[in-house]
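K.L.:
Before I ask anything, let me first share the structure, which is written out below as structure tokens.
We did not get these values from a lab; they are worked out from the coordinates using the rules stated. What you see is a predicted model; the values in this text were computed from it and never measured. Here Cβ is always computed from backbone atoms with ideal geometry, including for glycine, and neighbour counts include all displayed protein chains.
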């Protein structure tokens, strides 16, 4: 009798384990694979009803491929950079530029979401080069690796701009884009004049856990399974994707921006990244802002902080 009881328990455990992995695999796939279907993107977890939260927990997020919402107001050139895929970029130039800022968007973003930030850099006398990562905007593909393979794309865009003769290159990234910048510097030793980062996550596993907490559900064991399958589907070990470790390779000047109401990235993650940076560094926090710190009420302060940082750097 005991043997049968243990056998039933073992089969029940195996069935539960398989079911959890199937759900995690499906969630990871929908999180890292964009769809071309005309479906609305799943809302922020805070805006979901209990019923919709249960639906998302069961089936995963709806994740349509990010599309451009507008074009630059200034004359611009569309550039294709060959990287992991063909990347579509916008180059906007100003006379007598002090250098070029390459801008990288966050998860489920695209380059038109960076146009207002680009305007701030243009007003300060810098050319801008806005990038669509693989799977976003006008770039090829339909997947994202949440900053892992995007590190290669940061390198390739940096090299493209450098080969035009530009030597004064700055990198800007928000969220996933900031994480990709850190990975590119760590993996490929690219040497920008300086980097500006908004709310990079400390590790992929941590950011997955944070999303589970937003849904109001326990992180164990599903967060680990989702991270594992997300990495496996995209060809990497997810638990080694740690921007706070990559930050130790940064020796150029760095400005790190953080919203104190951020529910996706913690202050502890931000402090760990800041502590690891080896060069001249500045940490600026915004008490009333969340993960998106570039809000209408905060744009002027953001521009002032970025301008103050850039003025401390050696001029060409």
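K.L.:
Of all the Cα-Cα pairs you can form in the stretch 72-159, what percent are over 22 Å apart?
P.N.:
So the pairs more than 22 Å apart make up 21 percent of the total in the stretch 72-159.
K.L.:
Something else: Quick one: which of 157-168, 269-280 comes out on top by average Cβ neighbours within 10 Å, and what's the full order, highest first?
P.N.:
269-280, 157-168
K.L.:
Which value does Rg/Rh take for the chain over its C-alpha atoms, Rh per Kirkwood?
P.N.:
Reported Rg/Rh, Kirkwood definition of Rh: 1.01.
K.L.:
If we sort 301-312, 85-96 on the protection proxy, mean other Cβ atoms within 10 Å, highest first, what's the order?
P.N.:
Packing order, densest peptide first, comes out as 85-96, 301-312.
K.L.:
Just the number, please: percent antiparallel of the DSSP beta bridges in the chain, rounded to the nearest 5.
P.N.:
Close to 30 percent.
K.L.:
I'd like the orientation of helix 267-276 relative to the chain: the angle between its Cα long axis and the longest Cα principal axis, in ° from 0 to 90, rounded to 10.
P.N.:
So the inclination is approximately 50 degrees.
K.L.:
I need to check one value: relative contact order of the stretch 63-142, counting alpha carbon pairs closer than 8 Å and at least 6 residues apart, in percent.
P.N.:
Relative contact order here is 38 percent.
K.L.:
Would you please state which residues of the stretch 107-137 a label at residue 297 would reach in this model, taking the label point 7 Å out along Cα→Cβ and a backbone N cut-off of under 20 Å?
P.N.:
117
K.L.:
If I model a spin label at residue 35 and residue 94 as a point 7 Å from the Cα along the Cα→Cβ vector, what separation in nanometres do I get?
P.N.:
That separation, rounded to one decimal, is 4.2 nm.
K.L.:
Divide by every residue of the chain the summed helix terms, -39500 (n - 2.57) for each DSSP H run of at least 4, and state the resulting mean residue ellipticity at 222 nm, rounded to the nearest 500 deg cm²/dmol.
P.N.:
One gets -13000 deg cm²/dmol as the mean residue ellipticity at 222 nm.
K.L.:
With label points built 7 Å along Cα→Cβ from the Cα atoms of residue 5 and residue 86, find their separation and express it in nm.
P.N.:
About 6.6 nm, to one decimal.
K.L.:
Would you look at the GNM of the chain, springs on alpha carbons closer than 10 Å, and say which of 218, 253, 40 moves the most?
P.N.:
40
K.L.:
Right, next: Which of the peptides 288-300, 175-187 is most tightly packed, and how do the rest follow, going by the mean number of other Cβ atoms within 10 Å of each residue?
P.N.:
Highest to lowest by the protection proxy: 175-187, 288-300.
K.L.:
May I ask what percent, to the nearest 5, of DSSP beta bridges between residues of the stretch 81-133 are antiparallel?
P.N.:
55
K.L.:
Compute the angle between helix 150-163 and the longest alpha-carbon principal axis of the chain, please, reported from 0 to 90 degrees and rounded to the nearest 10.
P.N.:
Here the helix axis deviates by roughly 10 degrees.
K.L.:
Provide the FRET efficiency to the nearest 0.05 for the residue 263-residue 69 pair, computing r from the beta carbons and using R0 = 30 Å.
P.N.:
For R0 = 30 Å, the calculated efficiency reads 0.80.
K.L.:
Relative to the first principal axis of the alpha-carbon coordinates of the chain, what is the inclination of helix 2-32, with its axis defined by its Cα atoms, in degrees from 0 to 90 and to the nearest 10?
P.N.:
20
K.L.:
Over the alpha-carbon set of the stretch 173-316, divide Rg by the Kirkwood Rh and report the Rg/Rh ratio to two decimals.
P.N.:
Looking at the stretch 173-316, the ratio lands at 0.99.
K.L.:
Normalized C-alpha radius of gyration of the stretch 99-252, against 2.2 N^0.38 Å?
P.N.:
With N residues counted in the stretch 99-252, Rg over 2.2 N^0.38 Å equals 1.05.
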